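Novice: One structure follows; several queries about it will come next.
The values are calculated or read from the model by the stated rules, or taken from the named source; none is laboratory data. Given the structure is predicted, the values throughout are model-derived calculations rather than measurements. With ideal geometry, Cβ positions are generated from the backbone for all residues, glycine too; neighbour counts draw on all protein chains shown.
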Amino acid sequence: MTEDQSEIQEPVPNRWQVLRDAVAFQFKLLMDGARDVLLSPISIGAAILGLLFKPDNPGFYFDRLMKFGHKTDVWINLFGASNQHAENQVDDGTTLDFARPPKENISSDAYVKKLENLLIAEYNKGGLIKDLKEGTEAVEEIARKDLGMIRDGESFFLIVEPQQDPDRD
């Protein structure tokens, strides 16, 4: 038996799973980046406040901010794909299962999964695509007509396709 065969083979993800994980990762990167942008100036303020108002414990506010940052890091779960069941150790020795976090440690994966389920349900009903198409057409019509985005000498025609009866072939 070769070394490669002795290892347990992990299932190969299909295209939908890869796409879902890539979109979820981008969403998490956005949340992580926004958090970092906010925490950067707040951390400077926390350090200064501690130095000025807590001479007996100058790191008080900064330490509290670091604990908050750690909690948000666990919540965002940046490198935990929502469909993988990898366990990770936290500094205090406890184990967190990021794929199915306990209620007190719910991660962003739960919200990504809810959004995914909502999009799948809408797609299956056909409502999402129809609503998006009609919505963009309505916005274009409003922009062109009501907001005066029709230039002098230009004619604007809105062509509305008749709705098809599902009983007709």
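Novice: With respect to S107, is the statement that it is touching a helix residue (DSSP H, G or I) at 6+ places or on another chain (Cβ under 6 Å), modelled with pLDDT under 75 and surrounded by 14 or more Cβ atoms within 10 Å (Cβ to Cβ) true?
Specialist: no
Novice: Tell me the residue from P101, P58 that is modelled with pLDDT of 75 or more and part of a loop (DSSP other than H, G, I, E, B), please.
Specialist: Residue meeting the stated conditions: P58.
Novice: Shifting gears a bit: Does segment 35-43 contain any residue that is closer than 30 Å to K113 by Cβ, surrounded by 13 or more Cβ atoms within 10 Å (Cβ to Cβ) and in contact with a Leu (Cβ under 6 Å, 6 or more places away or on another chain)?
Specialist: No.
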